[in-house]
Amino acid sequence: MKGNEALAEAAIRAGCDAYFGYPITPQSEVLEYLAREMPRYGRLVMQAESEVASINMLYGAAGAGFRVMTSSSSPGFSLMQEGISYMAGAELPCLLVNVNRAGPGLGTIQPGQGDYFQATKGGGHGDYRLLVLAPASVQEMADFVFLGFTLAEKYRNPVLILSDGAIGQMMEKVVFDQAPVPDIPKPWATVGKPAHRSRNYITSLHIQPEQMEQHNLRLLEKYKAMQEEVRFEEIATADADYLLVAYGLSGRIAHKAVDVARHRGLRVGLLRPITLYPFPERRLAQLARQVQGMLTIELNSGQMLEDVRLAVNGRVPVRHLGRLGGMLPTPDDIVHELENILEVQHA
Amino acid sequence: MLSDTLPLAATANAAAHEGYEAVYSRPATLLSTPMHYCPGCSHSLVHKLLMEVIAEMGIQEHTIGIAPVGCSVFAYEYMDIDMQEAAHGRACAVATAVKRLMPDRYVFTYQGDGDLAAIGIAETIHAVNRGENFLIVFINNAVYGMTSGQMAPTTLSGMKTTTSPCGRSEALTGSPLKIAEMMAQLPGTWYVTRQMVANANAVRRTKKALRHALEAQQLQKGTCLVEILANCPSNWKMTPVESMKFVEETMTQTFPLGDLKLEGRLCK
Ligand SMILES: Cc1ncc(C[n+]2csc(CCOP(=O)(O)OP(=O)(O)O)c2C)c(N)n1
Ligand code: SF4
């Protein structure tokens, strides 16, 4: 199954009530798949007139207590940022998917990881965070839908699956073995006010600075609590004296590079962040005591690099290897770079 | 500012006195929170009419309102129903999802002319074109009230605003957008009317229009749009009385009153 289709099928199985989307390559399969399959389950799927409309439909549906998802790719995802900020402010759970293509601007439809900053630092205006999951396989495209809905509803916060054009388009085997995400009560939802309760309203507006600050502080507490959701995968780190750090598609390529490097006698390991927010900074700080240096592999000009540097806080040098514009590094490119770095470090 | 809250409180007290009869009161669907609207602003009056209709129809439990960004952004502070506050211009997208997922509920958006006719025109046209089965209450006061009186798409030709200091120029900014006429053309609308609240008769007609539009939701026939010509005395730099006169005598020349579409058919 294609990554995008696996994600779409998982949304149905996880109990997604409604999907709103607008076509854009390389993620249109999500909308197409759901337009075909979702009505059979009596669920709502709508092609909106724009990504602006999609995200605001998502807001309305989430505010009414429904389990909802939208997906897009970079230019369309940029267009959603105001709405995402409103949802973070109004604390509405939802699942967002960005199948990252290379940019800026219209860019190309080939895979990229240039949206890392947008995904992990808030993206829209104001002071907020999304929980960000980075799948590296078709199986994870499916699995993270279940995890994403679970976390979104647990924290009343938007969750973002940050994928890319390659993971979205590639075909792999996928197993669907998870039960639907259990429903939790949403007493805050706007479903019509029965006589016995006071009205519910969904808003991100707090016009008094004192109240706004209190709201900001409450969100901050929530983001602190979210830190315990940090997830990552380690490959061959036990005896590593050099560390690769890479997520998603570049995580897969880096994994191959570790195999090649080990074959050549280099003691290299890999840390693959699965959550980009929260970021595995504690584990990286620990590993900084063990390894001589780190190299981030990214399909951008060095974005996660900054978070790795913050995590290791100057203890070891952190370098970056990136390809841009939809081009990919090969495992050999990475090993070659490693050999150069280690030679220089030893000299 | 509060416009009707104080006199209302007074009538409620009076009603407690023997021998007095309450002839005017706040509907149960309207909270007693003092309104922030400027004195004499149409927003407070339209809020009350809408809430009266909802109380009279007995649909408070089944109604969900969508507030805009504009002076009425705080509508949910006054209306005692479940509500969502939408991003600027996006109320029709929000309402689409709410109504599609809960078709048995009554859903309305309440939007100003900047919100609906400028930044939100795409969401509005597409919702109407899909025939979304909700009510759009469209408050046309010819300016951006909340941001203090800039030009709106509905600003009259030649009208002075803070961003058209020499009067609106059609050459530069086009002509006043006639939303009701536009929306009536789309097959998705079931009922389209333009009203005002500038005198007692007009207030009664507006209330009737709101009721008709909400009742039509039971029929599942399409979108109802009630455009209400409103005043903005603060930004028009007029007294409330002068501003109501301006609505009645000047605005209605560009925006004629009356029904444009009834039961899905264009009115002659
Ligand atoms: C995306 C965005 N752009 C601009 C604004 C600023 N803004 C707030 S209200 C408003 C206009 C409101 O005018 P209108 O819809 O006519 O409502 P009124 O205040 O007159 O009732 C604007 C431009 C905003 N909040 N969000
Ligand atoms: S600024 Fe205008 S529209 Fe806003 S409350 Fe005052 S009078 Fe009403």
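The values are calculated or read from the model by the stated rules, or taken from the named source; none is laboratory data. Keep in mind the model is a prediction, meaning the values are calculated, not measured. Cβ sites come from the backbone with ideal geometry, for glycine too, and all protein chains shown count toward neighbours.
Got a number for residues in the range A:25-60 being touching a Phe, Trp or Tyr at 6+ places or on another chain (Cβ under 9 Å) and among the aromatic types (Phe, Trp, Tyr)?
1
Only helices (runs of 4 or more DSSP H) wholly contained in the range A:252-347 count here; list those with 2 or more residues that are among the acidic types (Asp, Glu).
Per the criteria, A:304-312, A:331-346.
Out of all the residues in the range B:33-55, is one or more within 14 Å of chain A (Cβ to nearest Cβ), at positive phi, in a loop (DSSP other than H, G, I, E, B) and surrounded by fewer than 17 Cβ atoms within 10 Å (Cβ to Cβ)?
No: the range B:33-55 contains no residue that is within 14 Å of chain A (Cβ to nearest Cβ), at positive phi, in a loop (DSSP other than H, G, I, E, B) and surrounded by fewer than 17 Cβ atoms within 10 Å (Cβ to Cβ).
Quick one: which of B:ALA184, B:ALA171, B:ALA122 is surrounded by fewer than 19 Cβ atoms within 10 Å (Cβ to Cβ), more than 13 Å from ligand 1 (Cβ to nearest atom), of a type in the set (A, V, I, L, M) and away from chain A (no Cβ under 14 Å)?
Just a single option satisfies the conditions, and that option is B:ALA171.
Show the residue pairs meeting these rules: Cβ distance below 9 Å; 6+ apart or different chains; first residue within the range A:205-222 and assigned by TED's automatic domain parsing to the domain that holds A:ARG129; second residue surrounded by 13 or more Cβ atoms within 10 Å (Cβ to Cβ) and basic (Lys, Arg).
A:LEU219/A:ARG129; A:LYS222/A:ARG129; A:LYS222/A:ARG156
Specify which of the listed residues (B:SER164, B:SER148, B:SER157) is more than 16 Å from ligand 1 (Cβ to nearest atom) and of a type in the set (Ser, Thr, Tyr).
B:SER157
Any idea which of A:ARG218, A:ARG197, A:ARG231 is within 14 Å of chain B (Cβ to nearest Cβ) and either within 28 Å of A:GLY83 (Cβ to Cβ) or aliphatic (A, V, I, L, M) (or both)?
A:ARG197
Every residue in the range B:206-245 that is more than 25 Å from B:GLY131 (Cβ to Cβ) and without any contact (Cβ under 8 Å) to a residue 12 or more places away in the chain, please.
The answer is B:LYS237, B:MET238, B:GLU242.
Of the residues in the range B:100-119, how many are buried (at least 24 other Cβ atoms within 10 Å of the Cβ) and away from ligand 2 (no atom under 16 Å from the Cβ)?
The qualifying residues number 4.
Name the strands (runs of 3 or more DSSP E) wholly inside the range A:1-106 in which the number of residues that are within 14 Å of chain B (Cβ to nearest Cβ) is 2 or more.
Here the list reads A:18-21, A:44-47, A:68-72.
Quick one: which helices (runs of 4 or more DSSP H) lie wholly within the range B:196-261 and hold at least 3 residues that are within 15 Å of ligand 1 (Cβ to nearest atom)?
Hits in the range B:196-261: B:233-236.
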